[in-house]
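Undergrad: Mind looking over this structure? Questions follow.
The values are calculated or read from the model by the stated rules, or taken from the named source; none is laboratory data. None of the values given here were measured: they were computed from a predicted structure. Glycine gets a Cβ as well: all are built from the backbone with ideal geometry, and neighbour counts include every protein chain shown. Quick note on the areas: whole protein, heavy atoms, side chains included, nothing else; ligands and nucleic acids left out. Shrake-Rupley method; radii C 1.70, N 1.55, O 1.52, S 1.80 Å.
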Amino acid sequence: MAEAVVELYPGTKVAIGPPIEQGFYYDFEFPPDARVTDADLERIEAAMRAHIEADEPFERRDVSPGEAIETFRAQGQDYKVELIEDLVRDEGVETVSLYRNGPFEDLCRGPHGPSTGRIKAVKLSSLAGAYWRGDESRQMLTRVYGTAFFSGKDLDAHLERIEQAKARDHRRLGPQLGLFMLREEAPGMPFWLANGTTLLRLIEAEVQAQLRKRGYEEIKTPHLMDVDLWHRSGHWDNYRESMYFTESGERQYALRPMNCPGACLVFGSKRHSYRELPLRIAEFGQVSRAEREGVLHGLLRVRAFTQDDAHVYCAPEQVVDEVTDICAAIDELYARFGFEDVRVELSTRPDKSIGSDEQWAQAEEALRRALEGQGREYKLNPGDGAFYGPKIDFHVTDALGRSWQCGTCQLDFSMPERFDLSYTDPDDEQRRPVMIHRALLGSMERFAGILIEHYAGRFPVWLAPLQAIVLPVSDRHNDYAGRVAAELREAGVRVAVDGRSESVGKKIRDAELGRYPYMLVVGDREEEAGAVAVRSHEEGELGAMPAAELAARVRGESERA
Ligand code: ZN
């Protein structure tokens, strides 16, 4: 691409061009009169294809930094000169590698494929502005994004996935389906609308079922707590940049970015015997984090969200069993939501951390044993743990094959010390409990966003905020429609009525866009028969049936396996 660009726009300065997850980009400083827009991408692609057809070999040569600097300076390629000077200063390199294809030579660490002919399909997708080295005080460059494949078929499949992802984008479906909205008045803090609030409640009910089954108790603790608490918990030293602070009277407070200190105050408020352990304390806790505005993204990256959080206090010898139980809860829960493929990652001690070497070694070992005891495959992420302990993260794969991080299970030998927590062991000695932080879904709101995209807004019957909509054929059927809806609600079905003075055809088309699992058409015939004409999204026309029969059907489809 750089070769094509320099050829089409002589005088262009090339900066850096790395591969990224979805393809590649290259940053350019175009000549002032070039005015490159999206409309020019096809032209650049065409020039690229000419070089691909020429099957130019990539030839490497290793030269001294001095020689490379001279070469690029002669071409006016200032960014390359700066890159090489930095390599010498920061890494003390004695040679740099240059790759040539056709008339074009670039600084590159390599390796490269043998020749341009290996590229069978290429597509430039978009342009964006980017500062040189991400530094706002430096030159603004033009970033060109693209992707390449070994076959045209692979490229088509990739473009198709992008289209599908657009159609499923939760930021579009959220307002369209009455789930949530985002407003300038509160960036990164979603407003949940009626259907979305129902969705969150339904998700929460599934988590609650796991809590009951696995012997958790549930608490609620304050959003706003004295700054001293956050000093004591270590958040002030390690997490301050992501926190919101406020003052009232003489006191300074912080909005909680995590729920753990609240749970520790609850645990520490009374004496505990070893017989009570493991003590599992859950909280659906809303937390606030001061994310930069630029990184906010729909429900996936926000400033306020609710964790389905819990803290388990246990004896060291109970850790492996507890972690195993948490993994089982996650498996069951994810399967219920339609995610069968769960990937696991184990993250170890980061550079910035609290706690001793011995504590970290023990904690990492316990997590490893729990995973290996279940025969689970996992990926190791060295240095990616939380500041207070190592962690296991759980990822799901959605309908488009994209991976999302959701649940987490983190060991913590440090916070029990900071809060001086203890229990009495069988010999009447005071012992420190181990603390496990765990969230099954992670952020409830983010999980809702993932579900919206996974199902493209068309939720299974049990999860649909509204399971059915009653469509009166004309205004004179509105009373009967209301009675049907009341009967269905009584039987536990979540139902709406479209009482507008529109044709039934229009109502059906709108209900289709609303993604209701069932449409119930009521006209003269249905009213006389005391029935509803049922149209299922999954199965098509089901004919007329009494409302009670539909209710039984919906109930059957909503039961947990
Ligand atoms: Zn926690």
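Undergrad: When you check ILE20 against the structure, is it farther than 18 Å from GLN77 by Cβ, modelled with pLDDT of 95 or more and under 36 Å from the mean Cα position of the chain (by Cα), yes or no?
TA: Answer is no for this residue.
Undergrad: With respect to the numbered conditions (1) open to solvent by 50 Å² or more (accessible area, probe 1.4 Å); (2) at pLDDT below 95, which one is the sole condition not fulfilled by GLY113?
TA: With (1) open to solvent by 50 Å² or more (accessible area, probe 1.4 Å); (2) at pLDDT below 95 applied to GLY113, the lone miss is (1).
Undergrad: What's the total number of residues in the stretch 203-224 that are within 24 Å of the chain's Cα centre (by Cα) and either assigned to a strand (DSSP E or B) or buried (at least 17 other Cβ atoms within 10 Å of the Cβ) (or both)?
TA: Qualifying residue count, the stretch 203-224: 5.
Undergrad: Identify, by number, the condition in (1) farther than 30 Å from LEU277 by Cα; (2) more than 26 Å from the chain's Cα centre (by Cα); (3) not small (Gly, Ala, Ser) that VAL144 doesn't meet.
TA: (2)
Undergrad: Would the stretch 515-530 turn up any residue that is in a helix (DSSP H, G or I), modelled with pLDDT under 95, out of contact with any Leu (no Cβ under 6 Å at 6 or more places or on another chain) and open to solvent by 30 Å² or more (accessible area, probe 1.4 Å)?
TA: no
Undergrad: Moving on. Which one of these does ILE508 not meet: (1) more than 14 Å from ALA485 (Cβ to Cβ); (2) in contact with a Gly (Cβ under 9 Å, 6 or more places away or on another chain); (3) open to solvent by less than 60 Å² (accessible area, probe 1.4 Å)?
TA: If we test ILE508 against (1) more than 14 Å from ALA485 (Cβ to Cβ); (2) in contact with a Gly (Cβ under 9 Å, 6 or more places away or on another chain); (3) open to solvent by less than 60 Å² (accessible area, probe 1.4 Å), just (2) comes out false.
Undergrad: Right, something else. Taking ARG489 as the residue in question, decide whether it is of a type outside the set (Gly, Ala, Ser), more than 16 Å from the ligand (Cβ to nearest atom) and assigned to a loop (DSSP other than H, G, I, E, B).
TA: no
Undergrad: Which of the residues that make up the stretch 371-387 are at pLDDT 90 or above, farther than 11 Å from LEU346 by Cα and not charged (D, E, K, R)?
TA: Passing the criteria: GLY373, GLN374, GLY375.
Undergrad: Residue under question is GLY383, and the condition is that it be touching a Ser or Thr at 6+ places or on another chain (Cβ under 8 Å) and free of Cβ contacts under 8 Å to residues at least 60 places away in the same chain; does it hold?
TA: Answer is yes for this residue.
Undergrad: Quick one: in the stretch 400-414, which of the residues that are assigned to a loop (DSSP other than H, G, I, E, B) and in contact (Cβ under 8 Å) with a residue 60 or more places away in the chain is nearest to the ligand (Cβ to nearest atom)?
TA: Looking at residues that are assigned to a loop (DSSP other than H, G, I, E, B) and in contact (Cβ under 8 Å) with a residue 60 or more places away in the chain, I get SER414.
Undergrad: Based on this model, can you work out whether SER97 counts as in contact (Cβ under 8 Å) with a residue 12 or more places away in the chain, under 26 Å from ASP154 (Cβ atoms) and among the small types (Gly, Ala, Ser)?
TA: Taking the combined requirement at face value, the residue does not satisfy it.
Undergrad: In addition: Have a look at VAL88, VAL81, VAL63, VAL96 and point out the one that is in contact with a Lys or Arg (Cβ under 6 Å, 6 or more places away or on another chain) and either exposed (fewer than 13 other Cβ atoms within 10 Å of the Cβ) or farther than 22 Å from GLY23 by Cα (or both).
TA: VAL81
Per-residue answers, yes or no, for (1) away from the ligand (no atom under 15 Å from the Cβ); (2) assigned to a loop (DSSP other than H, G, I, E, B):
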position: PRO416; (1), (2): no, no
position: ASP427; (1), (2): yes, yes
position: ILE436; (1), (2): no, no
position: PHE447; (1), (2): yes, no
position: LEU451; (1), (2): yes, no
position: ARG458; (1), (2): yes, yes
position: VAL461; (1), (2): yes, yes
position: TYR480; (1), (2): yes, no
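Undergrad: Let me ask something else about it. Tell me, which helices (runs of 4 or more DSSP H) lie completely within the stretch 15-126 with 2 or more residues that are in the same structural domain as THR142 (by TED's automatic domain parsing) and in contact with a Ser or Thr (Cβ under 6 Å, 6 or more places away or on another chain)?
TA: Here the list reads 41-53.
Undergrad: Taking only the stretch 394-429 into account, find how many residues are open to solvent by less than 10 Å² (accessible area, probe 1.4 Å) and closer than 17 Å to ALA370 by Cβ.
TA: Residues that pass the stated criteria total 5.
Undergrad: A further question on this structure: Residues of the stretch 374-393 being within 16 Å of the ligand (Cβ to nearest atom) and either touching a helix residue (DSSP H, G or I) at 6+ places or on another chain (Cβ under 7 Å) or open to solvent by 70 Å² or more (accessible area, probe 1.4 Å) (or both), which ones?
TA: Across the stretch 374-393, the qualifying residues are PHE387, TYR388, GLY389, PRO390, ILE392.
Undergrad: Please tell me if GLU358 is modelled with pLDDT under 95, more than 16 Å from the ligand (Cβ to nearest atom) and either open to solvent by 10 Å² or more (accessible area, probe 1.4 Å) or not acidic (Asp, Glu) (or both).
TA: When the stated conditions are applied, GLU358 passes them.
Undergrad: Between a first residue in the stretch 287-299 that is more than 14 Å from ARG446 (Cβ to Cβ) and a second residue that is assigned to a helix (DSSP H, G or I), which pairs have beta carbons less than 8 Å apart while being 6 or more apart in sequence or on different chains?
TA: ALA290/GLU241; ALA290/SER242
Undergrad: Quick check on this structure: which one of SER422, SER443 is of a type in the set (S, T, N, Q), touching a strand residue (DSSP E or B) at 6+ places or on another chain (Cβ under 9 Å) and within 14 Å of the ligand (Cβ to nearest atom)?
TA: Among SER422, SER443, only SER443 is of a type in the set (S, T, N, Q), touching a strand residue (DSSP E or B) at 6+ places or on another chain (Cβ under 9 Å) and within 14 Å of the ligand (Cβ to nearest atom).
Undergrad: Just the residues that are aromatic (Phe, Trp, Tyr) and open to solvent by less than 40 Å² (accessible area, probe 1.4 Å), please, taken from the stretch 448-485.
TA: Residues satisfying the conditions are PHE459, TRP462, TYR480.
Undergrad: Given the conditions (1) under 24 Å from GLN405 (Cβ atoms); (2) more than 14 Å from the ligand (Cβ to nearest atom); (3) modelled with pLDDT under 95, and given that TYR239 satisfies all but one, which numbered condition is not satisfied?
TA: TYR239 satisfies every listed condition except (2).
Undergrad: Among ARG133, ARG118, which is charged (D, E, K, R) and on the phi < 0 side of the Ramachandran plot?
TA: The match here is ARG118.
Undergrad: Determine which member of the set ALA282, ALA310, ALA304, ALA328 is under 23 Å from the mean Cα position of the chain (by Cα), within 30 Å of PRO187 (Cβ to Cβ), among the hydrophobic types (A, V, I, L, M, F, W, C) and surrounded by fewer than 19 Cβ atoms within 10 Å (Cβ to Cβ).
TA: ALA304
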